[in-house]
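Taking it in order: structure first as structure tokens, then the write-up.
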Amino acid sequence: MNHHYRFVKPPLPATVLRALLCILLAVTCLPGYGENQAQPRLAQSQTAEQTVTGRVTDATTNEALAGCTVLVKSTGPTSRQKGATTDANGDYRIAIADGKPVTLVFGFIGFVSKEVAVGNQTVINVALSPSAAELTQVVVVGYGSTTQRETTGSIKSIKSADFNRGIINSPEQLLQGKVAGVNVTSASGEPGSTQSITIRGPGGVRTGSTPLFVLDGIPLDNSSTGGATNPLNFLNPQDIEAIDVLKDASATAIYGARGANGVVLITTKKGKAGASSINLSANIGISNLARQLPVFSADEYRRQVVAVGGVLDDQKGNTDWQKEISRQAITQNYNLAFSGGADKLTYYASFGVQRQQGILKNSSLDRYTGRINASQKFLDDRLILDVNLTATYTANERPPIESIVGGAISSNPTYPAYDARGALALYPNGNNPLVPLALYKDVTSINRVVATISPSYKITKDLVYKLNMGVDNSGSTRDVQSLANAVPQQDGRLESAYLTNRNLLIENYFTYTRARGQHNLTALLGHSYQNFFIQGRNWSINKFPISPIEPIYNPGLGQDLTLANNRPGGYAIQNELQSFFGRVNYQYKDRYLLTATVRADGSSKFGANNKYGVFPSLSAGWRLSEEPFMQGSLFSDLKLRAGYGLTGNQEIPAKITQALFTSQVGPSTSYPLDGSTNYPAGTTYTRLANPDIQWEVSSQTDAGLDFALFNGALSGSVDYFRKVSSKILLEVIPADPVQPASTYWTNVPNMSITNQGVEVDLNYRYTSQRGLKFSIGGNITFINNVVRNSPYSVITSGSATGSGLTSATINGYVNGQPIGTFFLKEFTGFDDKGISTYRDTDGDGIVTDKDRISAGSALPTKQFNINGTMAFKGFDLAVNFNGVSGNKLYDNTANANFYKLRLSKGINVTPEAIQFPSESINNSAPVSTRFLKDGGFFRLNNLALGYSLNPKLIGISKGITGIRLSATGQNLFVITNYNGYDPEVNTDRTINGISSYGIDYLSYPKARTFMFGLNLTF
Amino acid sequence: MKKTLSILLSILGLLIADGCTNLTEKVLDEASVAGLTDKQAADGNIAPVYARLPDIFTHTTYFALQEISTDEAILPYRGGTDWGDNGIYIALHQHTSTSTDPNIRNTWLLLLQGISRSITAINTLPGINDPNAKTYVAEARGMRAYYNMVMLDLFGIAFVKDDPQATSDILRGEAAANYIKAELLAVEPDLLTTVGPGRLTKGAAWGLLARLYLNYAVYRDRYADTFSPKPEDMDKVVEYCDKIINAGQYQLSKDYFPIFGSDNHTNPELIFAVDQRAELNGHNRLAYFSLSGDQFPIPAYVGANGTDGPAITPDFYQSWVAANPGKDPTIDPRFYKQNLSIYTTPGDSCVAESAFNINRGILRGQQYGLLRVNGAFVKCPNGSYKVGKLFNATRNRPTQPVNFTEKIDYTVAGSDYSTGYRVEKYEFSKKSVSGRNLGEADIVIVRLADVYLMRAEAKLRKSNDAAAALADVNTVRAARTATTPPAALTSMNLDLLLRERGFEFYWEMLRRTDMIRFGKYEGTWTEKTNTDKQKRIFPIPQTAIDGASNLPGYLVQNPGY
């Protein structure tokens, strides 16, 4: 173990872990403790008892199954459930009250549970069979759960065993590539960077196309919790038991006005009665820059600058600037979880630490999570009380990414980075990219606590009432400081921003379940109220003296504070949602399935004339495989399902239904009326009211087929979907331009955005007699997005960055083309002087903005993923490939940096800059299709190899039930034509809330990571 | 059982009732106006009417439209790295701008906001019991006319709207000019004379009326081959100019550049101007725009530099040369003012901070200034600032001198960082930390010299009264007595008058209007050959056309776009 500590820099996690390990080791050395631990305590105090022992094995391999639950099932209304678990050898021992007819239930995840009547037996050995296909898998739906067999909507459930591994910051990464129709793209390679996730394509032109995330029943607010990282980073991936993705309207309509972009339900791990365990894991990850941009080395640079006729400024050095700003990054991850339970009480608790270094210097993300949940039964098990508490602290440090990456790829490589004394080299002209790195600091710390309590009460045999109350509260502080410096001269400055993000939830609902003969009915009726509060404040102070004291630690050292430079800012938003919802599931003969859902959602964001929206859905399923005529066919399961529903998107800015008439002194509202400096507060309308505004509506049709053949060895599903978004919300310009505010928000009539496609999921698994397990699966999504009936000639987004590119836009959404379309001048080559030419599409003799064309979209038309697993003896292997095609990327980095003119001025470039011999060194590079590139890729995203040691073999069987060693590789290779850092990139260049797509500008490079882990189970 | 159930249901009922909400959105962070005194309410309504003026008069908005489209200014793609801006400045100069040009759109939006705020003030102020309310209503109406006048001049359109809830009537051509005229006439009696140049006064209204009448022929028939001004319009120009001149309230400045100085608010030549205050609304863009990126005009701030923006065209420079045969144009005090002695006395290389001022006017040749090395200015042993030859260090060209050349065009050589003679007309604000912000100088809209030259032009146009015109022109020339004034002219005609307007008002955002009125806008100058008369007005922004697409025929694009 010791080698793991070599990388530990700050002492905290190391000492904590060491202490924990010591305690645990000491405890496990106590004689006999292991046996005691495995024994069910409840069994010991009974007077008249019978003890049953035995072993549980896997029916296919005859291997012992450790951790199986063995429950006593007895009749009678007041009987208490007793339980035990099998130890590492698969052995169990359970005491049962004497004299009553008793049945034991043997259960294990992934196996068909088995019931055995005890009778007079004292030894019962059981062999469990792996469960066929995923039919009995529990699927979480809103306000309840069901099984895969009974669903009528398009729902995919991913269990923790199938998650992506390695360094994971947020739940989206766990399911990247696992679900057809779900596209997860990281904005950049930065630790904790935002992940853009769309389910079945974007339904709007604005931001806010992300699905709704629901954590253990609490719908989360998708807005930022502070800083520049993903708000979902607060979840420890190791606490997550399953993620269920609701894709179609029949599944998401229960979330009404928030269901249009799909819903992701996250279920955390819970304790199990009679199965206590401790799980301890330690992982070390080593990350390196996966790919450098191939800028010229010092020698090449010396040649190439001269070759293009530039003046060479040779400082005799040889600096790889990308190497200077980056590093081999170490990530440590420690996790301790324990869970268990007895008759009435189950609990789960965990503590996790992940300290991640970024591959750029001064970049890190540290996360500390603590979690505890418990469930207690009262009143003869009629009342069940669940409590959940998660507390997370994250600390994020960011370097000035654009300035150091931009500096590194353009700086003269003949300049040394350090001078003779080892200090940062300074140049009279040009900047050393390491200087901003040394003088700048951007740190954000976030505390987030999510707490819920959800009692449920069984009113009658069929009727359960449940209350769900929760609070999600986060507070963050972000400090951005510039240190004062003499050479190069810079005044010190500190900017601080504080953000509070709070979300309160109260829900009450009744569930009625009735089974009578061939009829099965479940009905749900409920009310939900949720209140969101977001508050941000910021202030700054200037002119710090040059001092070893960092401004963050003593803001009072700043010497300059004026309203012109340091006006504090802030805002506060409160939103309320009130909803009434209901659902009916009806099954006849276990083969005809019907689900009807409705939710009435009211939101304070909506206009006075449209406070409530109603979102219904209906879906049906037919389990053909249950029909008599299908008996004996190859199909062990065959289900046809279809559904239709309406959902909404209420991710619109707050307050847009209300006019605003403010009075303030500011440069755009006030004006001197006399010679004095008493400036009047100007009274102005800053916003027009639209009381008619409402949610965007998405109507979705889904038809699908689920199938399993050869006893479930081959299974899969095929879905066709069509999602049409209408009442598109846009900030538009009034017909009469003489208005107090130049724009207002409205639902654009008739405009629609359609996402249409086919998803295919396939899985094959095989288990040999000798114990070799093997599975291969994959999914592919064909998707087509199109905008129709937009009254606007073009809706532009994606502001270009770089010299000469100001005011140019990259994305443009027009009728008949998808969202994410690149709307650009078409580059046609060079004229005889070596100057770029562009197609004059309107033939008026000049090339202007009017000649732009739709040149492809950033949205992939195909997404494909391949997953495989293999296990033999103690070894297990999991691979995950993912890829997309049919999409383009705009390389704004190359546009701003890599063209011949730059090289001729002594600015470093990649060979891309000299790829056209005929290009003049005086040719500028405006935004055009010249820098539009193929964004398709195929990546070995995840490869995990594990080995489970038999503790007995190494003589530490006492107490330890499992030892697993693992090695995981992330981002092992990418096949792509794209020549930037990585084709999976999405630099946010939003204009006025209209989403940009597929732009790469000085993005944080991607890492390749190897992670080594040790996992101990007690 | 029943009992438990009923208890539970009542608890549930309470919870629901507690959770129930009428979903009224609570606004927490925006103060809707309440509790103002009458004075606060009145002042608070008139201030926003003027408040966007500094934004209208920036380098990329009104300045770009009025100057870069003419022979006075050209902005190439500097060194292939700067001011490329997707080609909009080249398009502006070559009269090929399109309806998606962001600078045209921003100018349009700011003017419309001015009109809208005026309408709000006109409707709100009469209900406020404040002694200034009547004056403020007049100012708001007058400003609505002024913004419409600029709209008419730039876009050929004016918006008539009195009721904020109504849809504007759109006027073009003579009807628009008539509306603007009537509005200015209606408010003139209620305007003050004592509030300085920053607000709309009687003098300002007269000046604007004179300008409107002078351009009436253009507005009447925008695409005419030649404009034929009506004699009665010219009489009106003379009438309003006489009113200003005879009022005695304004005087020609004895020194030319103080008209554009940081303390110009009290300069008696200013009739109507944008009142800029560093601590409130001032920008320094007009002083910063043309300077080199390696010119650092103020010792206090190492971050305050120029940007190598536009220069004058060689054609415009040659008009100065032609007017001063055999002499350097510096003989005209409007052309140049030297403030740093190193230009003529190379040994003067140390300057105290308080004495450091950059040269003004049209800057040519090698430039000298503060030397910034490693982010700090070099100092002399005595603590004063070292002044020396400037090089394009911030352009990564440390050996290439900042040596402004006459030649500037769109060729490679002609669009390098230092090409073209530059203009530093407005004083670079001593408070400007970044060089862009915290400007102090009032930006001139109407000044007395313009009134004299408008009167001269009206007399020439009406009856070809060259003698009277010459007298007015020479009055202005002779007034600059702080230095040797430019010599009196001996003859006068329209061509000479346009040239004189160039010398007097270069880069004062009058040139495009002047060139159109004098029939020169379709002429040929450096990098400009377009003769399309439809380019006399700019396109209505595409966003506005799109926004009005639900009212067919309401907002029609100008021909040629």
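No lab work stands behind these numbers, since they all come straight from the coordinates. Just so you know, these numbers come straight off a predicted model, no measurement behind them. When we count neighbours, we look across all protein chains shown, and the Cβ atoms used for this are built from the backbone with ideal geometry, even at glycine.
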Handout entry: Shielding by other protein chains, A:918-927, mean Cβ within 10 Å
Key = 3
Fill in the blank from the handout: Taking the convex hull of the alpha-carbon atoms of segment A:804-869 and averaging its shadow over every direction gives an area in square nanometres of 7.9
Practice task
Would you mind ranking B:Cys350, A:Cys68 by Cβ crowding within 10 Å, fewest neighbours first?
Solution key: B:Cys350, A:Cys68
Problem - Unit charges on C-beta of K, R, D, E only; dipole of chain A, Debye - result: 2080
Exercise for the section: Note down the relative contact order for chain A as a percent, whole number, built from C-alpha pairs under 8 angstrom at least six residues apart. Expected result: 11
Exercise for the section: Using only Cα atoms, locate the centre of segment B:502-542 and the centre of segment A:368-400, then give the distance between them in Å, rounded to an integer. Expected result: 70
Fill in the blank from the handout: Calc'd 3J(HN,Hα), segment B:531-539, phi into Karplus 6.51 cos²θ - 1.76 cosθ + 1.60 (θ = phi - 60°), Hz, glycine/Pro = x, comes to 10, 6, 5, 5, 7, 5, 10, 8, x
Handout entry: Highest average packing first - B:191-198, A:200-207, Cβ atoms within 10 Å
Key = A:200-207, B:191-198
Practice task
With a ≥ b ≥ c taken as the square roots of the eigenvalues of the C-alpha gyration tensor of segment A:154-242, please select rounded if a/c is under 1.5 and otherwise prolate if a/b is larger than b/c or oblate if it is not?
Solution key: rounded
Problem - Charge-dipole axis of the protein assembly as shown as Lys and Arg at +1 and Asp and Glu at -1 on Cβ define it, positive-most pick from B:Phe505, A:Val306, A:Thr754 - result: A:Thr754
Problem - Placed amide H near B:Leu363: partners under 5 Å, 5+ positions off or other chain - result: B:Arg422, B:Val423, B:Glu424
Fill in the blank from the handout: Expected unfolding gain across A:Gln376-A:Arg765 under the 0.36 nm per residue rule, minus the alpha-carbon gap, is 136.2 nm
Exercise for the section: List nothing, just return the count: lysine pairs in segment B:364-514, 8 or more apart or interchain, with Cα separation under 25 Å. Expected result: 11
Problem - Separation of the B:Thr330 and A:Phe875 label points, Cα + 7 Å toward Cβ, nm - result: 8.7
Exercise for the section: Please give the calculated 222 nm ellipticity per residue for chain A, where each DSSP H segment of at least 4 residues contributes -39500 (n - 2.57) and the sum is spread over every residue; nearest 500 deg cm²/dmol? Expected result: -2000 deg cm²/dmol
Practice task
Run the numbers on segment B:311-382 and let me know its relative contact order in percent, using alpha-carbon pairs under 8 Å that are six or more apart.
Solution key: 23
Fill in the blank from the handout: Fewest to most Cβ atoms within 10 Å: A:Asp560, B:Asp163 sort as B:Asp163, A:Asp560
Completion exercise
Computed for segment A:874-955: size of charge dipole around the Cα centre, +1 on C-beta of each Lys and Arg, -1 on C-beta of each Asp and Glu, debye to nearest 20, value 140
Exercise for the section: For segment A:160-206, just say rounded, prolate or oblate: build the C-alpha gyration tensor, square-root its eigenvalues into a ≥ b ≥ c, call rounded for a/c under 1.5, and beyond that prolate if a/b exceeds b/c, oblate if not. Expected result: oblate
Completion exercise
With a ≥ b ≥ c from the Cα gyration tensor eigenvalues, square-rooted, and the rule rounded for a/c under 1.5, otherwise prolate when a/b > b/c and oblate otherwise, segment A:237-373 is oblate
Handout entry: Principal axes of segment A:517-602: Cα extent on each, largest first, Å
Key = 83, 28, 14
Handout entry: Which of B:Ala224, A:Ile218, A:Val205, positive extreme of dipole for the protein assembly as shown (C-beta unit charges)
Key = A:Ile218
Completion exercise
If one compares the long axis through the Cα atoms of helix B:173-187 with the longest principal axis of the Cα atoms of chain B, the angle in degrees, nearest 10, works out at 80
Handout entry: Rg in Å to one decimal, and Dmax rounded to a whole Å, for the protein assembly as shown via C-alpha atoms
Key = 37.9, 134
Fill in the blank from the handout: Whole-Å distance linking the alpha carbon centroid of segment A:479-506 with that of segment B:28-101 is 30
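Tell me, what is the percent relative contact order of segment A:284-331, built from C-alpha pairs under 8 Å that lie six or more residues apart?
Averaging sequence separation for qualifying contacts and normalising by length gives 67 percent for segment A:284-331.
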Completion exercise
For chain B, longest principal axis from Cα atoms; helix B:448-463 axis from its Cα atoms; angle between them, nearest 10 degrees, is 80
Practice task
Give the distance, in whole Å, between the Cα centre of segment A:946-993 and the Cα centre of segment A:283-352.
Solution key: 15
Exercise for the section: Could you give the size of the charge dipole of chain B about its Cα centre, using +1 on the Cβ of each K and R and -1 on the Cβ of each D and E, expressed in debye and rounded to the nearest 20? Expected result: 620
Completion exercise
When the charge dipole of the protein assembly as shown is computed with +1 on Lys and Arg Cβ and -1 on Asp and Glu Cβ about the Cα centre, the Cα farthest towards its positive end, among B:Gln366, A:Ile999, A:Ala808, belongs to A:Ile999
